[in-house]
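Asks: Here it is: the structure, laid out below.
Each reported figure results from applying straightforward, stated rules to the coordinates on display, with no laboratory input. In this text, all values refer to a predicted model and were calculated from it rather than measured experimentally. Backbone-built Cβ (ideal geometry, glycine too); neighbour counts: all protein chains shown.
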Amino acid sequence: MESFVQLSLSILFLIAVILIWFMIGYQLLLTVAGFFHQMRSRKERAEVDAMTFDFPPVSVLIPAHNEEIVMAATLEAMLALDYPRDRLEILVINDGSTDATGEIVADYVRRD
C-alpha cells in the first residue's frame, strides 16, 4: 500500500512539473510571438504614416448659450484636434448669450 501511495505521489509530482514547464514555455512562446507581431505592426504603421491622405473638409458646430465657463476649454480642445487645419472649420453658434461667451470666441478668432 505504501508503494502505491509513493507511486501515485511521484506520478502527480511528474504531472505538476510537466504542467509548470508547459506554462513557462507557453508564456515564452507568447512573448516571442508578441515581440515579432509588434515589430511587424511598427513597420506597417510606418508605411501607413508615410502615405498621404486626402482628408475631407469638416465643419464642427458648437452651439453656445451662456457657456463662458467652458467655452475656452472647448475651443482649445477643438484647436488641438489632429486634423489638417486647412480642412477644418470651427463654427460657434452664439445663441444670445448674456455672459462673456461672445468675447471669448472673439478673442480666439483674433488669435487665429
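Asks: When the chain is modelled as a GNM with alpha-carbon springs shorter than 10 Å, which of F36, F55, F22 fluctuates the most?
Replies: Checking each option, the largest mean-square fluctuation is seen for F22.
Asks: Would you please give the residues with an amide H less than 5 Å from that of V92, counting only those at least 5 places away or on a separate chain, with H modeled from the backbone geometry?
Replies: Placed amide hydrogens put I62 under 5 Å from V92.
Asks: For a footprinting-style exposure proxy, rank T31, T101 by other Cβ within 10 Å, fewest first.
Replies: The fewest-first ordering by Cβ neighbours comes to T31, T101.
Asks: Note the listed values (i) 227; (ii) 211; (iii) 126, then indicate which one is volume of the Cα convex hull per residue in Å³ calculated from this particular structure.
Replies: (ii)
Asks: For the chain, with a Gaussian network of springs between Cα atoms less than 10 Å apart, report the residue from L91, L14, L28 with the top mean-square fluctuation.
Replies: Highest fluctuation of the listed residues: L14.
Asks: Within a Cβ distance under 9 Å of V58, other residues only, what is the Lys/Arg minus Asp/Glu net charge?
Replies: Summing Lys and Arg as +1 and Asp and Glu as -1 gives 0.
Asks: For the chain, what is the mean residue ellipticity at 222 nm derived from helices alone (per DSSP H run of n ≥ 4: -39500 (n - 2.57); sum divided by total residues; nearest 500 deg cm²/dmol)?
Replies: -22500 deg cm²/dmol
Asks: Compute a Gaussian network model of the chain, connecting alpha carbons closer than 10 Å, and tell me which residue from I24, I69, I93 fluctuates the most.
Replies: I24
Asks: Order of V70, V92 from fewest to most other C-beta atoms within 10 Å?
Replies: So the ranking, lowest neighbour count to highest, is V70, V92.
Asks: Enumerate the calculated ³J(HN,Hα) couplings along region 95-112 in order (Karplus 6.51 cos²θ - 1.76 cosθ + 1.60, θ = phi - 60°), each rounded to whole Hz, writing x wherever the residue is Gly or Pro.
Replies: In residue order, the calculated couplings are 8, x, 5, 9, 10, 8, 4, x, 5, 5, 5, 4, 4, 5, 5, 5, 5, 7 Hz.
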